[in-house]
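For reference, the structure is listed below as structure tokens.
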Amino acid sequence: MHSNIRTILHCDLNNYFASVECLRLPQYRNIPMIVGGSVEDRHGIVLAKNEPAKKFGIRTGETIWQAKIKCPDLAVLEAHYEDYVRYSRYIRQIYSEYTDQVESMGIDECWLDVTASEGLFGCGQQIAEELRQRIKRETGLTISAGVSFNKVFAKLGSDIRKPDAVTVIPYEHFREIVWPLPACEMLGVGMKTYKKIYYRGCRTIGDIANMNIELLHSWLGKTGEMLWAYANGLENSRVLWQTESEPIKSIGHGTTTRADLETDTEVAYIIRELAEEIGQKLRQNHLKAAGVAVQIRENDMTVREYQCKMRYSTQLAREIAGEAITVFRKKHIWNRPIRSVTVRSIYIRPENADEQLDMLYDYTGERRMLELEKTMDSIRDRYGTRAITSGSSLYMNEKLASKRIGFGSTEFACRNG
């Protein structure tokens, strides 16, 4: 083994939301159960499922009515996010007793670099086994852990055996273990990418590793080069220290409406409402955005996304809304009514970052609007988020859901990827 080989763990809490609910209500542990969003507000999708529900082929992200077709006796429990955050923080504290390098990958997954800890706690597999047993003993929850020499293969290892298991992918044998696996198992290969390469005969991780890198680039651009490096075990990004946080790459908010949206005008009202919250988050985090993305989900669950760059970076909700509405109207072709809309600000940079200005543009009005929106922020901070709102939210009150996804919670609103 090379002297500079690292030991990376990826720890994934099994069926996390469902497992936490089973701690509160043990009677659901051995019967098919899911944690689902509010059916009344049409957030009726599967957020998590327990092991008995998995046996019916129920998948995270599908609608509750689809899940109930597969299992008519399925139990549906309400989500309790405060419990999920509390357990997550406690378990991360356990991780921190073994290493200072703990990087979150969502509320239920973490990477740990334990290279420097092996002299104290044993090899990576021993540390993973100890964590698995300790978390089960202290919380009643289980983890699956992958142990490898980089983050991508550690993540892959935690996915190979579930639940409550440890999988080791050593440097010397990663080709025998990893290359036969389907390409879609590897981090970075979503279904859209998988379809592109599958029909070109690139179906396993080994196929990616042995593919001509220039050909992959012609198919996927820079993503193709990245996946080639991943498949060949060349990914070498470091695990962040606990005191670090990865730069925010986008800030987004979405809502599932109570009734389907059927016109550009209705979608525009929703976008303006969501943009109010995005602008506030940008200002709170001292950031500005140079682009915007709009994702819509039609009532058959088909997802489409449109994005564009803006003329200049901004923190203004009205600018973000205007660009989002423009790109939606320009690119969207109506096939079916829309059930949910998500808006994201992208190309994020610090608010004081330098940029080239347009000599012919009058920025006076923008500065005045920014002061106005900051004043609105102050009112909301003092009197509540609904103390001052746009007229569009009143117009769309019948269709707007009572609770937007992410608003009021930085942990769910700021996305790092």
### Query
Within the set of pairs 6+ apart or on separate chains, which have a first residue in segment 193-204 that is over 10 Å from residue 183 (Cβ atoms), a second that is hydrophobic (A, V, I, L, M, F, W, C), and C-beta atoms under 8 Å apart?
196/219; 196/220; 200/219
### Per-region count, segment 153-169, residues surrounded by 18 or more Cβ atoms within 10 Å (Cβ to Cβ) and assigned to a loop (DSSP other than H, G, I, E, B)
1
## Note on the structure
For residue 273, the lone unmet condition from (1) crowded, with 21+ Cβ neighbours inside 10 Å; (2) in contact with a strand residue (DSSP E or B) (Cβ under 7 Å, 6 or more places away or on another chain); (3) closer than 24 Å to residue 339 by Cα is (2)
#### Entry: Qualifying positions in segment 197-227 - polar (S, T, N, Q) and closer than 19 Å to residue 175 by Cβ
204, 210, 212
## Note on the structure
Of the residues in segment 39-52 that are within 11 Å of residue 63 (Cα to Cα) and of a type outside the set (A, V, I, L, M, F, W, C), the one that is modelled with the highest pLDDT is 44
### Query
Does segment 289-296 contain at least one residue that is of a type outside the set (A, V, I, L, M) and touching a helix residue (DSSP H, G or I) at 6+ places or on another chain (Cβ under 6 Å)?
no
### Task
Under 8 Å between Cβ atoms, at least 6 apart or on separate chains: pull out the pairs that start in segment 130-151 with a residue that is on the phi > 0 side of the Ramachandran plot and end on any residue that is crowded, with 24+ Cβ neighbours inside 10 Å and among the acidic types (Asp, Glu).
none
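Residues are listed down the side, and each one gets a yes or a no for (1) touching a strand residue (DSSP E or B) at 6+ places or on another chain (Cβ under 9 Å); (2) free of Cβ contacts under 8 Å to residues at least 60 places away in the same chain; (3) surrounded by 21 or more Cβ atoms within 10 Å (Cβ to Cβ); (4) over 19 Å from residue 301 (Cβ atoms):
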site	(1), (2), (3), (4)
9	yes, no, yes, yes
17	yes, no, yes, yes
26	no, yes, no, yes
36	yes, yes, yes, no
48	yes, yes, yes, no
77	yes, yes, no, yes
86	no, yes, no, yes
103	yes, no, yes, yes
115	yes, no, no, yes
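The values are calculated or read from the model by the stated rules, or taken from the named source; none is laboratory data. Please read these numbers as outputs of a predicted model, since none were measured by experiment. No Cβ is skipped: glycine too gets one built from the backbone with ideal geometry, and neighbour counts run over all protein chains shown.
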